[in-house]
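Inspection log for the structure reproduced underneath, given as structure tokens.
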Amino acid sequence: MKIFLRPISLLAAFAALLAPLAGRAETVSALGRIVPAGGVIDVLAAGGDVVEAVLVREGDWVEAGAPLARLRSLPLSLARIEQAKAETAANLATIAGEIALARERVAAAEAETKIADDRLRRIADLKGNAIIAPDKIEERQLLRNESAVRLAAAREALGRVQRSEEVARRLGAVRLTEYQGLLAERDPRAPVKARVLKILTQPGASTNAGVLFKLGDTTKIHVIAEIYEADALKIKPGQQATVSSPALPKKFPGTVAAMGVMILRNHLQSLDPNAANNTRVIEATLAMADREPLERLVFLPVDVTIEL
């Protein structure tokens, strides 16, 4: 029995080879890194200090304002604040006493002026009476003028003391703000509710090294993809993406949430020896549908595929 094979043209063979690719969507590939949705927050402290205790562990969740470490200079900073408050309170108490005394003097001068006005009015009503000497009216007018001058002086003195109270209050507030700013530098705390991603210090270490803690809110996870400049205009918010890595158990879905507007040098480098490792890129932010296990792999380099 003979079997005859129908010859297949080269064009038909090529078409058959491309058939599986015909329905495949066009994609853009990029390198990316896993980050918390709000980014990574560096917590620093002023130089020239020493860490006495670290109050958190890596992986802990901390509330906004929670202390992260205790520095050696903290008691001195707290004492300065209390001293500033006490000195301001003492100054204001002294000025309050001066204001009370000045008000008493104003009240006395007002009473004296009222009496002088009444005496002048009574004698003025009798003006023209033969028994009232003209110089008597002039005398009471002079007394009334003198009392008015003393009243004006008392009121001016009260105003000066009241203004000095406002100045003392403002100076005290400025000084307190200055010391509180110094305290913030000597009292590292969490600026927002976040997770402790990395501890870069230890008891006995100097604060001159810079960053003490790295924090991030991992309740939402993003991937920052570095898109080659040639593909920058192809990427738009809403496009679907896939994230993969040998370190991940599967591929994870994501959505393009935002596109950058500035061309940068790439931070991530491919392991492919044939790939260019010094390229211009634009950053695309992908919102990831899954947190676990991505939240435990912050900064993990990943491969990103975006469907156009």
Flagged in the range 291-308 as in contact (Cβ under 8 Å) with a residue 60 or more places away in the chain and open to solvent by less than 50 Å² (accessible area, probe 1.4 Å), in numbering order, are Leu294, Glu295, Val298, Leu300, Val302, Val304, Ile306
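Answer with yes or no whether Glu87 is out of contact with any Asp or Glu (no Cβ under 8 Å at 6 or more places or on another chain), among the acidic types (Asp, Glu) and part of a helix (DSSP H, G or I).
On the way: out of contact with any Asp or Glu (no Cβ under 8 Å at 6 or more places or on another chain): yes; among the acidic types (Asp, Glu): yes; part of a helix (DSSP H, G or I): yes.
Judged against the criteria, Glu87 is a match.
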**Asked** Is it the case that Ser164 is in contact (Cβ under 8 Å) with a residue 24 or more places away in the chain, more than 30 Å from Ile34 (Cβ to Cβ) and either open to solvent by less than 30 Å² (accessible area, probe 1.4 Å) or touching a Cys at 6+ places or on another chain (Cβ under 6 Å) (or both)?
**Response** no
Restricting attention to the range 198-218, the residues that are touching a helix residue (DSSP H, G or I) at 6+ places or on another chain (Cβ under 8 Å) and open to solvent by 10 Å² or more (accessible area, probe 1.4 Å) number exactly 2
Filtering the range 138-177 down to residues that are at pLDDT below 90 and acidic (Asp, Glu) yields Glu138, Glu139, Glu146
Scanning the range 137-152 for residues that are closer than 15 Å to Asp118 by Cβ and among the aliphatic types (A, V, I, L, M), the one surrounded by the most Cβ atoms within 10 Å (Cβ to Cβ) turns out to be Leu151
message = modelled with pLDDT under 90 and either in a helix (DSSP H, G or I) or over 22 Å from the mean Cα position of the chain (by Cα) (or both): is that true of Ala184 in this structure?
response = yes
If you go through Val243, Val281, Val298, Val261, the only one that is in contact with an Asp or Glu (Cβ under 8 Å, 6 or more places away or on another chain) and either at pLDDT below 95 or not in a strand (DSSP E or B) (or both) is Val281
Take Glu58 and tell me if it is in a loop (DSSP other than H, G, I, E, B) and either on the phi > 0 side of the Ramachandran plot or in contact with a strand residue (DSSP E or B) (Cβ under 9 Å, 6 or more places away or on another chain) (or both).
yes
Checked pairs for the range 247-267, first closer than 8 Å to Ile282 by Cβ, second open to solvent by 100 Å² or more (accessible area, probe 1.4 Å) and part of a loop (DSSP other than H, G, I, E, B), C-beta under 9 Å and 6 or more apart or across chains, list as Met259/Lys236
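The values are calculated or read from the model by the stated rules, or taken from the named source; none is laboratory data. Just so you know, these numbers come straight off a predicted model, no measurement behind them. Note that each Cβ is placed from the backbone with ideal geometry, even for glycine, and that neighbours are counted across all protein chains shown. These accessible areas exclude ligands, DNA and RNA; they are computed on the full protein's heavy atoms, side chains included. Shrake-Rupley method; radii C 1.70, N 1.55, O 1.52, S 1.80 Å.
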